[in-house]
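In what follows, a structure is listed as structure tokens, so that the remarks can point back to it.
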Amino acid sequence: MDEFDRAQELEALHLAASLAAQTAASRPLGASLAQCDDCGEPIPEARRQASPGCTRCIDCQTLSEAGR
């Protein structure tokens, strides 16, 4: 393995680490933004767009706000 092979290998490692860090940073932390925390059903895309960061479907959010 010569100098160029090592440089290419090092560059590939840096690229892989950078891509992994970027992918991890773009994932939501904590609760899933695709499934309801209460019932586990998928949160419809329209709701997720209308209320970014929501963690409940409309039915469960309504029940939560009603104190049930």
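Under a 5 Å amide H to amide H cut-off, with H placed in plane at 1.01 Å, what residues pair with GLN35 once short-range neighbours are removed?
ILE43
Tally Lys and Arg at +1 and Asp and Glu at -1 over the other residues with C-beta under 12 Å from the C-beta of GLU9: what net charge comes out?
-3
Residue-wise, which Karplus ³J(HN,Hα) couplings in Hz belong to region 4-9, taking 6.51 cos²θ - 1.76 cosθ + 1.60, θ = phi - 60°, and x for glycine or proline?
5, 4, 5, 5, 5, 5
First select every other residue whose beta carbon is under 9 angstrom from the beta carbon of CYS60; then total the charges, Lys and Arg +1, Asp and Glu -1.
Result for the local shell: -3.
Please give the calculated 222 nm ellipticity per residue for the chain, where each DSSP H segment of at least 4 residues contributes -39500 (n - 2.57) and the sum is spread over every residue; nearest 500 deg cm²/dmol?
Helix-only estimate at 222 nm: -17500 deg cm²/dmol.
No value in this document is a laboratory result; all are computed from the given coordinates. All values derive from a computational prediction rather than experimental measurement. All Cβ positions, even for glycine, are placed from backbone atoms using ideal geometry, and neighbour counts span all protein chains on display.
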